[in-house]
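One structure is given here, and the rest of the page talks about it.
The values are calculated or read from the model by the stated rules, or taken from the named source; none is laboratory data. Owing to the predicted nature of the structure, the values given are computational and were not obtained by experimental measurement. Note that we place each Cβ from the backbone using ideal geometry, even for glycine, and neighbour counts take in every protein chain shown.
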Amino acid sequence: MPRTRKPKFRAGTATIIGLPNAGKSTLLNAIVGEKLAIVTAKAQTTRTALNGVWTGANAQIVFVDTPGVHKSDTVINRRMMQAVRASLDAVDVVVFVVDGTKRPGEEDAQAVDLVKKPGMPVILVLNKVDAIAEKPKLFGLIERYQTLHEFAAYVPVSAKTGDGIDNLRDAIVARLPEGAAIYPEDHLTDVPSRFLAAEMIREKILILSRQEVPHSVAVLVDEWEDKPSVIRIAATVYVERAGQKNIIVGAGGAMIKKIGTAARAEIEKFFDRKIFLELFVKVKPDWRNQPEFLNELDWRRMVNDRDA
């Protein structure tokens, strides 16, 4: 009998793009099998492009999760859209995620325009199919998107339940170039640990605080001390107004304690270590329009030493 030829290894990059709340971050987490990107029901939870790596027997995909496509009305929003556009340069595959429970509108069409590049394979991912009772409706939705662009593939998934994730991986791998792995097999992300911890804290704030607070919140880890028995973290929560600080702190410090408890549990779960977490809250007016402060928030600018 002739020998079965082993498939050649494929490796490359895939950018995840779409409108806010399409489920991009949930999709990234589902594919790589770890919670790298924070997830909330609030729009624009993701503020910067971050990567996650999935490695299989015959392929490696380096994913780039991006902020939701939106109008740029502040310095931070313009930077978010710059991150989206930059993620489309020198990428092998684009994963365009849409909410499969909604019909495409003008905003969807504008977002699709961003990925119309010659020779660029774009996979349309119809997310949230677990919420669609009548699956045949997906055919009509696909037909609508076909009028906007000639996508390389159409893949229904549920990032929430994991349904269709394997099919999506296969669709991406089939469009990657042959070549050696970009990262070691156990590599998960380039993002510094202190940034991941800051994002986990911000996630709990978004979930637990009121509607007027989320976009005005930023978190920076000031100290990271990795000891044999515990990781000691000191972080500052920045808001734009005194009233927002009062909301975050809460009566008698109840809210900040609740946030800290929830964040510590999340960080301990991810790093599999005991965590000592200390939180501070400061007012920094109009920080979303201050380039110097935004540079501090960018994980690429952080000092990525061996401890963080």
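Below are the figures for this structure:
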quantity: Within the stretch 287-307, considering residues that are more than 19 Å from Lys245 (Cβ to Cβ) and among the hydrophobic types (A, V, I, L, M, F, W, C), the one modelled with the highest pLDDT; calculated: Leu294
quantity: All positions within the stretch 122-163 that are farther than 23 Å from Phe63 by Cβ, among the basic types (Lys, Arg) and in contact (Cβ under 8 Å) with a residue 24 or more places away in the chain; calculated: Arg144
quantity: Check on Leu27, under 20 Å from Leu126 (Cβ atoms) and at pLDDT 65 or above; calculated: yes
quantity: Among (1) within 22 Å of the chain's Cα centre (by Cα); (2) within 24 Å of Leu88 (Cβ to Cβ); (3) not assigned by TED's automatic domain parsing to the domain that holds Ile31 - the single one Val155 does not satisfy; calculated: (3)
quantity: Matching option when the condition is of a type in the set (Asp, Glu), in contact (Cβ under 8 Å) with a residue 40 or more places away in the chain and surrounded by 15 or more Cβ atoms within 10 Å (Cβ to Cβ), among Glu185, Glu240; calculated: Glu240
